[in-house]
Amino acid sequence: FFSSVMTGNDGKTRDQLSGEVGSLQEKINEYNTRIDAVHTQRKKLQAKFDTLKGKAGPENDKIKENVAKRKKLFSELERLSRSSGNTFAEVRELSRQFPIQYKKGTPTDEYIKANDQQLTKELKQLQKQLLQIQNLTEERRLINRINSIQKAQRLLETYAEKRQQHDQDGALGESIRAEIDQLNTALDASFARSKALDTQITAIKKEMDTVFSELKKLNGERGALFAKKNDKREELQEKWDTYKEEMARKRQAKIVAEDKKPPYKSTIESCTSLITYLTKRNNTLKKKTKKESDATTDADTDADSAVTEDAQVETPEEPASRPITHNFDVHVKFELVSMLPPTESSQIPDAIAALKERKAHFTSLNKRVMDRRNGKPEEEKEKEKDVVSVEDTPEDTGMDAQEENDTSDTADEITNVEETAEETVDEIVDAVEDVPEETGATQDEPKTEETEEAQSTGKQDEPEPEPE
């Protein structure tokens, strides 16, 4: 009883643990759904982030390219500025050697032409004076002055080249500045677009960080549920292991108990029950037949008394046989002992004899099987082989030596199927117990027509003892 109570409590505990595991699994499934939703949101944000990065990448590349161009132009402009500065200094130094000084805003061609005319005019005058000179000193002065004017004329050509180079550098510088201005405009637009993209990317990054934080939180909570679920499952597994060990122990105990139980006990009990039942049934039929015979004899005697008083009344002969029926449980017991139930009253004595024979046979088999299980020596078996109980052994079993040997050889095979036979009998008996008892008969003593009649008359006969 204590073991049954403990087993019931363990079953409730296992059911409770199983329910807790199932509840935890449902929560885990809910977390899985939420995590899947967060993953879907993260994928959408990642796709949007990738799209913006795809736009920002070429824009940044374009900015880098324009910045590199602008840097190169600035370097060229700086070089031109230095070159132009040097050229302008040279031009200004040259202009100081000309008779006409440069005035701001004067075109270069006019300035050069004016100085060339002035130098040519002065040169012609000096050449005329040289033809009229009379002393050597004056001649030398005039020659030096002529050489100076001719040098100025040559410097004027250099001035024109330097001035042209300076103007060209200035025009190139203006062109470079214009290109730099265009690049600055393009860079300003690119920087604006890049800034807008960076703003969107930053916002998406914040959303992604929030999503990642939520995902991390959900994973942590789900991990805690997994850990709790694993603990519960381990506890449940321990309970199941304990239960399996208990069941194995019970099965082993049942096997041991079955080994101690005679294999043909139920068959022998069925034989005994059937012998009692058939003996009682036979006695009842005999009594009923005797009553009917007595009633018939009395009626015939009264009818014939007026004819003659000395006439001897003949007793009607007892019927040789009458058909009989049996309840379902009786058929089950006959099936258990592998016999067909008698269908005629005249078959009852033979059936009783056959049942006694089978009872003795199975009793002998029981003893041999139990001796073998108990490991008794072979000589003891030989000694006990011929010892048969008087009450269980029929006078003539009807088996010769060869049949006895065959029976001995098949004892082992019968032993192997004993458990299957008992289980089959249990199932049949359970099925019989579920059948409504219309006749009111018990399993051991099925109620027949004769017993119903005996009960109705209040003269139910006591069953005769089993014949020895």
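The values are calculated or read from the model by the stated rules, or taken from the named source; none is laboratory data. Just so it is clear, the structure is predicted and the values come from calculations on it, not from any experiment. Note that we place each Cβ from the backbone using ideal geometry, even for glycine, and neighbour counts take in every protein chain shown. Side chains are part of the model used for accessible areas, which takes the heavy atoms of the whole protein and leaves out ligands, DNA and RNA. Shrake-Rupley method; radii C 1.70, N 1.55, O 1.52, S 1.80 Å.
Checking each residue in the range 329-374 for being without any contact (Cβ under 8 Å) to a residue 40 or more places away in the chain, more than 16 Å from Glu269 (Cβ to Cβ) and not in a helix (DSSP H, G or I) picks out Leu340, Pro341, Thr343, Glu344.
Within the range 173-190, residues that are under 13 Å from Lys69 (Cβ atoms) reach no partner that is open to solvent by less than 90 Å² (accessible area, probe 1.4 Å) and hydroxyl-bearing (Ser, Thr, Tyr) with beta carbons closer than 6 Å at six or more positions or on different chains.
Can you confirm whether Glu246 is in a helix (DSSP H, G or I), surrounded by 15 or more Cβ atoms within 10 Å (Cβ to Cβ) and touching a residue at least 40 places away in the same chain (Cβ under 8 Å)? Spelling it out, it is not the case that Glu246 is in a helix (DSSP H, G or I), surrounded by 15 or more Cβ atoms within 10 Å (Cβ to Cβ) and touching a residue at least 40 places away in the same chain (Cβ under 8 Å). Residues considered: Ile100, Ile112, Ile143. Of these, the only one that is open to solvent by less than 80 Å² (accessible area, probe 1.4 Å) and assigned to a loop (DSSP other than H, G, I, E, B) is Ile100. Considering only the range 34-70, state which residues are surrounded by 16 or more Cβ atoms within 10 Å (Cβ to Cβ), among the β-branched types (Val, Ile, Thr) and closer than 12 Å to Leu197 by Cβ. Within the range 34-70, Ile63 is the sole residue that qualifies. Checking Asn366, Asn374, Asn327 one by one, the residue that is open to solvent by 50 Å² or more (accessible area, probe 1.4 Å) and not β-branched (Val, Ile, Thr) is Asn374 and no other. In the range 78-97 there is at least one residue matching the filter, namely being within 15 Å of Arg163 (Cα to Cα), among the small types (Gly, Ala, Ser) and open to solvent by 50 Å² or more (accessible area, probe 1.4 Å). Taking Thr272, is it at pLDDT 50 or above, more than 18 Å from Thr343 (Cα to Cα), within 60 Å of the chain's Cα centre (by Cα) and not charged (D, E, K, R)? For Thr272, the condition - at pLDDT 50 or above, more than 18 Å from Thr343 (Cα to Cα), within 60 Å of the chain's Cα centre (by Cα) and not charged (D, E, K, R) - is met.
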